[in-house]
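See structure below.
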């Protein structure tokens, strides 16, 4: 399937999205620009909040890293580690994966990483592993698509699952992904919402589960998701013209009442 068969965001209007009450959004490459939050990032979140639209962060970043975001940003909470843990705005944390012994789990993850490193000696563990609970990460800058597929296969053989983003590769428990985590959090924390009131948005393969139309019928990709379209089974239903946070802002314009859409975008 190619993106030419998808609906470009500029062809939508506010009426098409009038029922949306919650956005489940990836962070890196979706809410960032060149790896950073831009000057109008918080104002966009505040405008959505004022319009009655909650933003729930759904990221592969570590629980430690995300706990700071939840504390400072006007969001309804955050799912960290690709569906591994939910962080409430009040500081409470809910483990979303079934992990009986966390200490043993961390040791098994690290051992798995070192076994994979025997096949790919240049792999570098990410600096944030000390802040992680449910998964193990490494940098993907120098890895080819074939390398990533080989690592994924190796993880499956060892009883783990694997995904990656534009930032990191993730070794994680089977069945732990963003969609499963988001579905659990929606049922437990936002049970008043129906699927047509929830919108998902992302930019890379670790967001793919949130593009599954059987789970989330309204999904969006910012334009940089095109880089991965040949590597993903599920693609977003709609795509923005702009990449990264500028693409998210396109979406926000359509969701916000009385916003002015720039037809030249």
Would you call residue 115 closer than 27 Å to residue 211 by Cβ, assigned to a helix (DSSP H, G or I) and in contact (Cβ under 8 Å) with a residue 24 or more places away in the chain? no
Please specify each residue of segment 33-47 satisfying the condition of being out of contact with any helix residue (DSSP H, G or I) (no Cβ under 6 Å at 6 or more places or on another chain), at negative phi and in contact (Cβ under 8 Å) with a residue 40 or more places away in the chain. 37, 40, 41, 47
If I ask for residues that are surrounded by 11 or more Cβ atoms within 10 Å (Cβ to Cβ) and either under 19 Å from residue 97 (Cα atoms) or modelled with pLDDT under 95 (or both), which ones from segment 129-138 would you list? 129, 131, 132, 133, 134, 135, 136, 137
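Every residue, every condition in (1) touching a helix residue (DSSP H, G or I) at 6+ places or on another chain (Cβ under 9 Å); (2) without any contact (Cβ under 8 Å) to a residue 40 or more places away in the chain; (3) assigned by TED's automatic domain parsing to the domain that holds residue 36; (4) more than 24 Å from residue 64 (Cβ to Cβ), yes or no:
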| position | (1), (2), (3), (4) |
| --- | --- |
| 134 | yes, no, no, no |
| 137 | yes, no, no, no |
| 140 | yes, yes, no, no |
| 145 | yes, no, no, yes |
| 153 | no, yes, no, yes |
| 156 | no, yes, no, yes |
| 160 | yes, no, no, no |
| 165 | yes, no, no, no |
| 168 | yes, no, no, no |
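The values are calculated or read from the model by the stated rules, or taken from the named source; none is laboratory data. Note that the coordinates shown come from a computational prediction; the quantities given were computed from them, not determined experimentally. A quick note on method: Cβ atoms are made from the backbone with ideal geometry, for glycine too, and the neighbour counts reach across all protein chains shown.
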